[in-house]
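One structure below.
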Amino acid sequence: MWFYIKLAWRNIFRNKRRTIITSIAIGIGLASLIFTAALMEGMINNMIQSATSSFLGQAQVHGGDFRETQDVEKTVNNLDQVTAELKQDPLVTNYTLRTLSMGMIASPANMNAALLVGVEPGSERFLSKIADTLQKGSFFDGANPRDMVIGSKLAEDLEVSPGDRVVATVSQAKTGDLAQEMFRISGIYQFGIKEMDSGLAFIRLKKAQQMLGIGDRVHQIAIKFKDIKTADMPGISFWKKYSRFDNEAVPWTILLPQMKAVLGMVDISLLIMAVILGCVVVFGIINSLFMSLYERMFEFAIMRAVGTRPAGLRKLIVLEAGALAVISIILGSALGMILTLIFAHSGIDYRGIEFAGTTFHELIHPVMNKWHYVVFPVGVLFFTMLVAIYPAWVAGRLRIATALRKSL
Amino acid sequence: MEKKIEKQVPIIVTENVKKTYEDNGVEVQAVRGVDLTISAGEFTAIVGPSGSGKTTFLNIISGLDTITSGRVLLNGKPLSEIKGSELSDFRRDHIGFIFQAYNLIPVLTVEENVEYIMLLQGIPKAERHKRVMEILADVGLREYAQRLPAKLSGGQQQRVAVARAMVSNPDLILADEPTANLDSKTGSELLDMMKELNEKKGMTFLFSTHDEMIMSRARRVITLKDGIIAADVLKK
Ligand SMILES: Nc1ncnc2c1ncn2[C@@H]1O[C@H](COP(=O)(O)OP(=O)(O)OP(=O)(O)O)[C@@H](O)[C@H]1O
Ligand SMILES: [Mg+2]
């Protein structure tokens, strides 16, 4: 075996130019695969980032079945202990508390239903982008308990602008009695997502708790992790830990199943690309192998004549393909790494472009992932050698007498 | 040596061997019924005009080509009974080959080329090396062991081919026009060397040739004409 490896390695360097051209072609295929995978990973991070950082958070804790029922009575249980634990948790960078209740908002001109969200302005800034997307006014800058921040679409429907008054009506927990309060529009934001811009109204947490009659309790804790990938690890103990006390801790992958599906699509498109590039690579290799095969028929005939078995010749051809793949892999991995590093550094500007329902707000940075340098190269090696079975089979069937005659 | 021939230990026996090629629907009878016995220790030349079937005949007795009818026995064993990779192994163990030119694997050194057959036989490295060096000394190319074939003259390349053919002590060495690409002086030296190896080691040689020098050195000259034996002369 060792001997055939040696022979194969020397053979592919007989026609240096062809070997180099072929391996550059294969290498470019591999490099673009590596780069695409890195780009997709960067894009996914970006999408998750923008989906979770606008309002959702990377994970949420609710009380009991609040998610299904939206019942304002179902608040987070043992809130003090849960927040104390979150403060200590090494996985978590920030969290914020919210109340959520459906309500009516009425202006002199109009009346609209909206989700009334009670927020703590200080910690909310780390979890949502509302403060960053303000069009007019401010995000709870003063201390006025009657400030309300709404989306641009809702402001349009209500025909209000900062300074105008509105009245919010909610039904209280337990009793179901209606509670009504006057608010002053202090800020108008614009996310660029219709549901966000037309369906949400933010007020201070204290005020919301008071209106709803729920004391110090809240409906939702939104959480941000140190590493965005933490949310995609269903196996970790984090989820169990914060699902005690009849609470429910869920990652964004569950909160946004459609987003998760998009990521699945990204995987599939990467696979399709791998298959297409794979075919290009495969035909490049077959072509190169057959060219070198037909050139060396006489030599193979001599090898067969002096006692090489057909299997020996087949092994040689497959190993030559393997050697070609190894060179291509070195070239392709290096090229892929260089491309990834360059663009990881500078970032790619897709800002403002919408993809699968989310808009990119930041530069995309391709991600270096060591698995890309394992999976794709091993794939190239494997498929190259697999494809080489065909020319190897042809070589094994060589008619010795004919080949000896033809070439002299 | 003379004794060996007198004892007549047959290595190859062909019985009414025929070979017909189809060439674009036209049948070409390359060998038309050859009965022949080659015995151990012979130094025999097959001669004849171009197209008389010499190469075809050599290919047939080494199993490189199939026959249309008749029988070939090698060491008493019918060649037709050996199939597939067994036939490869059979050639490896029993027959040495020398072709007109380009005998060697260009990316292997002289030593590796000669070693190759022993490698196929699974002989340990130390012994391979020892035997390669011995045989290279026999053909006068010891110092060239690490060279690539391209760095050798045509005559030297043919000597390496002789060394490779002999290194595993085959029963028979087949040489299809081994001197055709050499000038007469180099050819004559190569032949002297082979003749000496034949006499010293009892190695059996069967040539096909147009070369007068081979004919004059051969002890037996078989003349083929249109695929049949026209003459078979044993010299004293
Ligand atoms: N594969 C083949 N297909 C068709 N005809 C063939 C084939 N091989 C050989 N022949 C024919 O068989 C005949 C014998 O050829 P062969 O090569 O054995 O002759 P030769 O004596 O070796 O000739 P030379 O001295 O030129 O080498 C020739 O007529 C040749 O054209
Ligand atoms: Mg011939």
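Determine the shielding of peptide A:306-316 by partner chains: average, over its residues, the number of Cβ atoms on other chains within 10 angstrom of each Cβ. Intermediate results must be reported in sequence, preceding the final value.
Details: counts 18, 18, 8, 8, 4, 3, 3, 1, 0, 0, 0.
Shielding by partners across A:306-316 averages 6.
Mind listing the phi-derived Karplus ³J(HN,Hα) values for region A:251-256, rounded to whole Hz, using 6.51, -1.76 and 1.60 with θ = phi - 60°, and x for any glycine or proline?
Taking θ as phi minus 60°, the curve returns x, 4, 4, 8, 5, 10 Hz for region A:251-256.
Specify whether the C-alpha gyration tensor of region A:39-143 places it in the rounded, prolate or oblate class, a ≥ b ≥ c being the square roots of the eigenvalues: rounded for a/c under 1.5, otherwise prolate if a/b is larger than b/c and oblate if not.
Oblate, because a/c is 1.5 or more while a/b does not exceed b/c.
Quick check for me: using +1 on Lys/Arg Cβ and -1 on Asp/Glu Cβ, what's the dipole size of the protein assembly as shown about its Cα centre, in debye to the nearest 20? Display every interim value, and only then the final one.
Numbers: 72 positive and 65 negative charges, 458 e Å.
Here the size comes out at about 2200 debye.
Assigning unit charges at the beta carbon (Lys, Arg +1; Asp, Glu -1) and nothing else, what dipole magnitude in debye, to the nearest 20, does region B:1-145 show about its Cα centre?
Details: 17 positive and 20 negative charges, 49 e Å.
Computed about the Cα centre, the dipole is about 240 debye.
What ³J(HN,Hα) values, in whole Hz, does the Karplus curve 6.51 cos²θ - 1.76 cosθ + 1.60 give for region A:6-17 when θ = phi - 60°, with x put for Gly and Pro?
Once rounded to whole Hz, the list reads 4, 5, 4, 4, 5, 4, 6, 8, 5, 10, 4, 4.
Give me, ordered by chain and number, the residues 5 or more places off residue B:208 or on other chains with an amide H under 5 Å from its own placed amide H.
B:46, B:175, B:176, B:177
For region B:4-46, what size does the Cα cloud have along each of its three principal axes, sorted from largest down, in whole Å?
Principal-axis extents of region B:4-46 (Cα, largest first): 46, 18, 10 Å.
Taking 1 over the mean of 1/r across every pair of different Cα atoms in region B:10-234, what Kirkwood radius in Å do you get?
Details: mean 1/r = 0.0558 Å⁻¹.
Result for region B:10-234, one decimal place: 17.9 Å.
I need the semi-axes of the equivalent ellipsoid of region B:17-142: take the C-alpha gyration tensor, multiply each eigenvalue by 5, square-root it, list largest first in whole angstrom.
After diagonalising the Cα gyration tensor, the semi-axes are 32, 17, 15 Å.
Take every residue in peptide A:397-406, count the Cβ atoms of other chains within 10 Å of its Cβ, and give the average of those counts. Mind showing how you got there, number by number?
On the way: counts 0, 0, 3, 7, 11, 4, 1, 8, 4, 0.
Going residue by residue through A:397-406 and averaging, the value is 4.
Residues of region A:213-248 with the amide nitrogen closer than 20 Å to a label point 7 Å from the Cα of residue A:78, along Cα-to-Cβ, please.
Within reach of a label on residue A:78: A:216-223, A:236-248.
Counting only DSSP beta bridges with both residues in region B:60-215, what percent are antiparallel, rounded to the nearest 5?
Numbers: 2 of 10 bridges.
About 20 percent, rounded to the nearest 5.
Long-range amide H contacts for residue A:120: which residues qualify at under 5 Å (H placed 1.01 Å from N, peptide plane, sequence gap of 5 or more or a different chain)?
Placed amide hydrogens put A:97, A:205 under 5 Å from residue A:120.
Where only protein heavy atoms count, and the probe is 1.4 Å, what is the accessible area per residue for chain A in Å²? Working shown, then result.
Working: 19040 Å² over 408 residues.
On a per-residue basis, chain A sits at 47 Å².
Across the residues of B:104-111, average count of Cβ atoms on other protein chains within 10 Å?
On the way: counts 2, 9, 5, 10, 5, 0, 0, 0.
Counting Cβ atoms of other protein chains within 10 Å of each residue's Cβ and averaging gives 4.
Within the set A:6/B:151; A:406/B:195; A:153/A:224; B:19/B:77; A:74/A:240, which residue pairs have Cα atoms separated by over 22 Å?
On the way: A:6/B:151 20 Å; A:406/B:195 30 Å; A:153/A:224 28 Å; B:19/B:77 20 Å; A:74/A:240 19 Å.
The pairs that break the limit, which is 22 Å between Cα atoms, are A:406/B:195; A:153/A:224.
Normalised by the residues of chain A, what does the relative contact order come to in percent, with Cα pairs under 8 Å and at least six apart? It would help to have the intermediate numbers written out before the result.
Values: 710 pairs, mean separation 108.9, N = 408.
After rounding, I find 27 percent.
Grab the beta carbon distance between residue A:69 and residue A:353, set R0 = 35 Å, and tell me the FRET efficiency rounded to 0.05.
On the way: r = 38 Å, r/R0 = 1.08.
About 0.40, to the nearest 0.05.
Which residue, chosen from B:53, B:28, B:76, occupies the Cα position most advanced towards the positive end of the dipole of chain B, where the dipole is computed from +1 (Lys, Arg) and -1 (Asp, Glu) charges on Cβ about the Cα centre?
Of the listed residues, the answer is B:76.
Set the Förster distance to 45 Å, then compute FRET efficiency between residue B:27 and residue B:119 from the Cβ-Cβ distance, nearest 0.05. Before the final figure, lay out the partial values.
On the way: r = 41 Å, r/R0 = 0.92.
According to the calculation, E is roughly 0.65.
Provide the FRET efficiency to the nearest 0.05 for the residue A:386-residue A:182 pair, computing r from the beta carbons and using R0 = 56 Å.
0.15
In a Gaussian network model over chain A where Cα atoms closer than 10 Å are linked, find which of A:120, A:320, A:195 has the largest mean-square fluctuation.
A:195
Along the charge dipole of region A:65-245, pointing to its positive end and built from +1/-1 on Cβ of Lys, Arg, Asp and Glu, which listed residue (A:237, A:161, A:151) has its Cα farthest out?
The listed residue farthest towards the positive side: A:237.
Report, to the nearest whole %, how much of the accessible area of chain A belongs to carbon and sulfur atoms, 1.4 Å probe, protein only. Kindly include the intermediate steps, with their values, before the conclusion.
Values: 11790 of 19040 Å².
That fraction is 62 percent.
Can you tell which of A:331, A:186, A:394 lies farthest toward the positive end of the dipole of chain A, using +1 and -1 charges on the Cβ of basic and acidic side chains (Lys, Arg; Asp, Glu)?
Of the candidates, A:394 comes out farthest on the positive side.
Relative to the present Cα-Cα distance, how much length would full extension add between residue B:20 and residue B:89 at 0.36 nm per residue of separation? Please list the in-between numbers first.
Details: separation 69, 0.36 × 69 = 24.84 nm, distance 2.63 nm.
Answer, rounded to one decimal: 22.2 nm.
With no solvent and one point on each alpha carbon, what is the Debye value of log10 I(q)/I(0) for chain A at q = 0.08, 0.10, 0.12, 0.13 Å⁻¹?
These q points yield log10 I(q)/I(0) values of -0.60, -0.76, -0.94, -1.05.
Tell me: how much accessible area in total is hidden between A and B, 1.4 Å probe, Å², nearest 100? Walk me through the intermediate numbers first.
On the way: alone 20190 and 11400 Å², together 29340 Å².
Accessible area lost upon association: around 2300 Å².
Over region B:10-234, what is the relative contact order in whole percent, taking alpha-carbon pairs under 8 Å and six or more residues apart?
On the way: 435 pairs, mean separation 67.5, N = 225.
The normalised contact order for region B:10-234 reaches 30 percent.
Show me A:280-292, A:362-374 ranked by packing, highest mean number of other Cβ atoms within 10 Å first.
Working: A:280-292: 19.1, A:362-374: 16.5.
Highest-to-lowest ranking by the protection proxy: A:280-292, A:362-374.
The values are calculated or read from the model by the stated rules, or taken from the named source; none is laboratory data. Small disclaimer: the values here were computed from a predicted structure and weren't measured. All Cβ positions, glycine included, derive from the backbone under ideal geometry; neighbour counts span all protein chains shown. For the accessible areas, the whole protein counts, side chains as well, though only heavy atoms, and no ligand, DNA or RNA atoms are used. Shrake-Rupley method; radii C 1.70, N 1.55, O 1.52, S 1.80 Å.
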